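Below: the structure, in structure tokens.
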Amino acid sequence: MKKRIKKFCLRGLLFGGIGPLIYGIVMLILYFCNVDTLSNGLMIFKGILSTYLIGFICAGTSIVWEEEKLGIGFAILIHGSILYLSYLMMYLVNNWIPKNPISVLIFSVVFILTYLIIWLIIYLTEKNRAKKLNNHLK
């Protein structure tokens, strides 16, 4: 268990910084283009911190794929649930979506559909790759 927690934290620290870096670059470009952006330092800080935390969690949750005992369905459920709750929390904390049931429902539907589409693409790609490999081995 300690090994998994250590790996989760290491991956989060390594890859969590990419999101805030992108956010900072976007803010810099908007600044130089004289686009009116958030001037509230606290809001910017919350945005950068939230982006970092999302990156940290996304990178860290990749350890779920290394646990073969879980099975692919349960691993997808765990991974998807952690990501969903993390994104929803960050979106609500930062007021990136309104705090009302309709907005949360729309966010949830979009998140779940996007997550499922991504997994369908991965599944079909890997299935096709396995088929080609099996044909090559025959």
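A few comments on the model shown:
- 12 Å beta-carbon shell around residue 79, net charge (K/R +1, D/E -1): -2
- Contour minus Cα-Cα distance for residue 110 and residue 127 (0.36 nm per residue): 3.6 nm
- Listed by chain and number, the lysines whose C-alpha is less than 30 Å from the C-alpha of residue 99, apart from same-chain residues fewer than 8 away, are 46.
- For 62, 50, 86, order by how many other beta-carbon atoms lie within 10 Å, fewest first: 62, 86, 50
- Under 17 Å from residue 3, Cα to Cα: lysines that are on another chain or at least 8 residues apart: 69
- When 79, 136 are arranged by Cβ crowding within 10 Å, least crowded first, meaning fewest neighbours, the order is 136, 79.
- Fewest-first sequence of 131, 46 by Cβ atoms within 10 Å of each Cβ: 131, 46
- Local electrostatic count, residue 132, Cβ distance below 14 Å [Lys/Arg +1, Asp/Glu -1]: +3
Every number in this text was worked out from the coordinates using simple rules, so none of it is lab data. These numbers were taken from a predicted model, which means no experiment stands behind them. We place every Cβ from the backbone using ideal geometry, glycine too, and count neighbours over all the protein chains shown.
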